[in-house]
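Below is one structure, written out as structure tokens, with a few remarks after it.
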Amino acid sequence: LEPKEEFEHSSLTVDVMRPKRSDPALAVLTQEGMTVGQVEALVESTHYSGFPVVVSQESQRLVGFVLRRDLLISIDNARKRQEGVVSASQVVFTEHAPSVAADAPPPLRLRGIMDLSPFTVTDHTPMDITVDIFRKLGLRQCLVTHNGRLLGIITKKDILKHMAQIANRDPDSILFN
Ligand code: ADP
């Protein structure tokens, strides 16, 4: 994002983030309770570069962010090297090991690959401020929250696409919006 590209527009982050209203929900992982098989299915059914980790689907409290690449490499390594890690193993991002039944496969602990403090902005942050944060911190993506709950994600590409749309818009439509 070049500093010369000014962003003189009154959009809010909620207007630019994903998912848009008609999109499928944000693809998130829960900090515990998902199996290796479920995580693999989620990752492979999308092309996203990363996934927010939340406390639970109900709470949508943000715990961290994991990159697709790191997830795939770790699961692959664990399947090859770690005794007993199978599709039914539980994936955990929590600090403490979960209590699993004696006959359950061992859990796969992935806290180590999670970014514990991903950058966030709120849905009502004006876009010029969000763009400034991306520029100054050199971000590729940023999570969006509403009242402390995870609401969406915004990437550098989302911002560039939005800027291009504004630049191409019929000037009359901007004046009378
Ligand atoms: P990029 O925008 O650089 O292509 P991604 O491939 O990660 O980065 O994201 C593609 C699109 O999907 C973007 O519009 C982004 O906002 C959205 N997106 C990214 N991660 C997720 C996710 N976990 N769940 C839902 N949408 C996502």
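The values are calculated or read from the model by the stated rules, or taken from the named source; none is laboratory data. Worth saying up front: this structure is predicted, and the values here are computed from it rather than measured. A quick note on method: Cβ atoms are made from the backbone with ideal geometry, for glycine too, and the neighbour counts reach across all protein chains shown. Surface accessibility is based on the protein's heavy atoms, side chains included, excluding ligands, DNA and RNA. Shrake-Rupley method; radii C 1.70, N 1.55, O 1.52, S 1.80 Å.
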Is at least one residue of segment 120-136 in a loop (DSSP other than H, G, I, E, B) and surrounded by fewer than 17 Cβ atoms within 10 Å (Cβ to Cβ)?
-> yes
Those residues of segment 1-18 that are at pLDDT 95 or above and either in contact with a Lys or Arg (Cβ under 9 Å, 6 or more places away or on another chain) or open to solvent by less than 30 Å² (accessible area, probe 1.4 Å) (or both) come to a total of 3
Give the residues of segment 127-147 that are away from the ligand (no atom under 13 Å from the Cβ) and of a type in the set (A, V, I, L, M), sorted by residue number.
-> MET127, ILE129, VAL131, ILE133, LEU137
Residue within segment 155-171 that is touching an Asp or Glu at 6+ places or on another chain (Cβ under 9 Å), at pLDDT 95 or above and open to solvent by less than 40 Å² (accessible area, probe 1.4 Å) present = no
List the number of the failed condition for SER99; all other conditions in (1) within 28 Å of PRO24 (Cα to Cα); (2) open to solvent by 50 Å² or more (accessible area, probe 1.4 Å); (3) of a type in the set (Ser, Thr, Tyr) hold.
-> (1)
Top-ranked residue in segment 149-160 [being assigned to a helix (DSSP H, G or I) and more than 8 Å from the ligand (Cβ to nearest atom); ranked as farthest from ALA25 (Cα to Cα)] = LEU160
